[in-house]
Structures are given as structure tokens and as C-alpha cells.
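Participant: The structure's right below; bear with me while I get my questions together.
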Amino acid sequence: PGVRFTVIVNGTKKPEGKDWAGVNGANYAIGDAPLAGYLVEGHNYGVLCGHDGLTVPDLDDLGALKKLGILARIPDTFRALSGRGGWHVYFDCPELDHQIGLYHPTLKDEDGEPLHLGEIQSKGQQVVGPGSIHPNGNRYELVNDAPIMKISKADLLKIFEGLIITGVDDPAEEP
């Protein structure tokens, strides 16, 4: 009930408005008229993470995550297909209050850094909502309309065990 949304102009993934993630910022409840107006005009919308415990793993590389056995660990919960073919997996996890990067345990990218597989989005982050259009033209699609599962932080982190680089407090400083 406390989930908040932000508006995103089509062709982008960036939220519009001042302090869009803030308590008094440019974000809206599901029934707010400004949000409805944007949606009627055909614009995209973002789902704010961290509000009312909403936490969304944004999984980019499903092939690698499947090979690592991670996808098999994900329980039945609300899930959307992203515009680039990844998953947004929705959980109710009020204990988590920061973004966590997910990295392949052995593979490296072209710069020699651990291969980035996605993030667990939480407070101060957003994911583009189902029905929106990605800048590449693909639609974000609802693929599992299950209730959003309540999960503890410990159980959520156990799903992604082995993919989290420890000792980095600021996600912006992660490799």
C-alpha cells in the first residue's frame, strides 16, 4: 500500500521531477492524479524501491545467473521482464536500506573487474515498471503476477550468495 511511483518520459529510464526518491519529492501513490495523467499520455513510470519495504533485484545477465544456479533459488514472487531481457524480482524486505551490486564470482569484464550481473535495488533507487517502453523499443512485461513475497534480509542475501562483494559500503565505489 505504501509503494510510490515516479514518472519517466518515454525514450528514457530517468525519473522526472525534483527529489523523485524523497519523502516529499516528485513521486506518487498509485491513485494520484498526476501519475494517472502521465500514464494516460503514454509515458513510462518508475517503481520506487525502499518505500514500504519494496526491494527489487534487477537481474541483467540471466544466462550467467542460470548457470550459477541463482535463478533456481528465486521464490515465487511478482516478477517483470526488463526492456533488455533481464528480470525485476519484487520483494517486501524492509530491513534492506541500500543498493547492493551483484558480480560473477570468477568472470571479469573487459577492464579486468568482476563481471556485473545486476543490483539489488533498495532505498533511493527505482526500476522501470511493467508496460513501460525501454529506450531500445522493447516493452517491460509482467511475467509473474504473484503476490510480492515478504522476505528477511538474511534470506534475500542467501539467494544471491557468492555474488556480493563484501567490504564495499558505497555502491558507487564498487568495481
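Participant: For the chain, report the accessible area per residue in Å² (1.4 Å probe, heavy atoms, rounded to an integer).
Facilitator: About 52 Å² of surface per residue is accessible.
Participant: If you don't mind, there's one more thing I want to ask. For the range 41-96, restrict the atom set to alpha-carbon positions and state the Rg and Dmax in Å.
Facilitator: Using the Cα atoms of the range 41-96, the pair Rg, Dmax is 12.7, 41 Å.
Participant: Further question on the same structure: Suppose we look only past 25 Å in the calculated P(r) of the chain. What percent of the Cα-Cα pairs does that tail hold?
Facilitator: 32
Participant: Would you list, by chain and number, the aspartates and glutamates whose Cα falls below 19 Å from the Cα of residue 158, excluding same-chain residues fewer than 8 positions away?
Facilitator: The qualifying aspartates and glutamates are 58, 60, 61, 76, 92, 95, 97, 119, 169.
Participant: Roughly how many Å is it from the Cα centre of the range 10-62 to that of the range 101-126, as a whole number?
Facilitator: A separation of 23 Å, based on Cα centres.
Participant: Still on this structure, please answer the following. For an R0 of 45 angstrom, estimate the FRET efficiency from the Cβ-Cβ distance between residue 146 and residue 111 and round to the nearest 0.05.
Facilitator: Computed FRET efficiency for residue 146 and residue 111 comes out at 0.75.
Participant: While we're on this one: Rounded to the nearest 500, what is the chain's calculated 222 nm mean residue ellipticity when only DSSP H runs of at least 4 contribute -39500 (n - 2.57) each, over all residues?
Facilitator: Roughly -3500 deg cm²/dmol at 222 nm, from the helical runs in the chain.
Participant: Net charge within 13 Å of residue 7 by Cβ-Cβ distance, Lys/Arg positive one each and Asp/Glu negative one each, not counting residue 7 itself?
Facilitator: Neighbour charge sum, excluding residue 7 itself: +1.
Participant: Further question on the same structure: Residue separation times 0.36 nm, minus the C-alpha to C-alpha distance between residue 154 and residue 136: what's the value? It would help to have the intermediate numbers written out before the result.
Facilitator: Values: separation 18, 0.36 × 18 = 6.48 nm, distance 3.55 nm.
The residue 154-residue 136 span can extend by a further 2.9 nm.
Participant: Determine the order of 95, 41, 16 by accessible area, beginning with the largest, at a probe radius of 1.4 Å.
Facilitator: Values: 95 110, 41 135, 16 75 Å².
Accessible-area ranking of 95, 41, 16, largest first: 41, 95, 16.
Participant: Still on this structure, please answer the following. Which pairs break 21 Å Cα to Cα here: 66/108; 123/150; 13/153; 67/123; 67/150?
Facilitator: 13/153; 67/123; 67/150
Participant: Figure the gain on full extension for residue 76 and residue 18 (residue separation times 0.36 nm, minus the Cα-Cα span) and round it to one decimal in nm. Before the final figure, lay out each step's value.
Facilitator: On the way: separation 58, 0.36 × 58 = 20.88 nm, distance 3.50 nm.
Once the chain is fully extended between residue 76 and residue 18, it gains 17.4 nm.
Participant: Going from most exposed to least, what order do 30, 133, 100 have by accessible area with a 1.4 Å probe?
Facilitator: Sorted descending by solvent-accessible area, the residues read 30, 133, 100.
The values are calculated or read from the model by the stated rules, or taken from the named source; none is laboratory data. None of these values were measured; they are calculated from a predicted model. Virtual Cβ from ideal backbone geometry, glycine too; neighbours counted across all protein chains shown. To get the accessible areas, we keep the full protein, side chains included, count just its heavy atoms, and leave off ligands, DNA and RNA. Shrake-Rupley method; radii C 1.70, N 1.55, O 1.52, S 1.80 Å.
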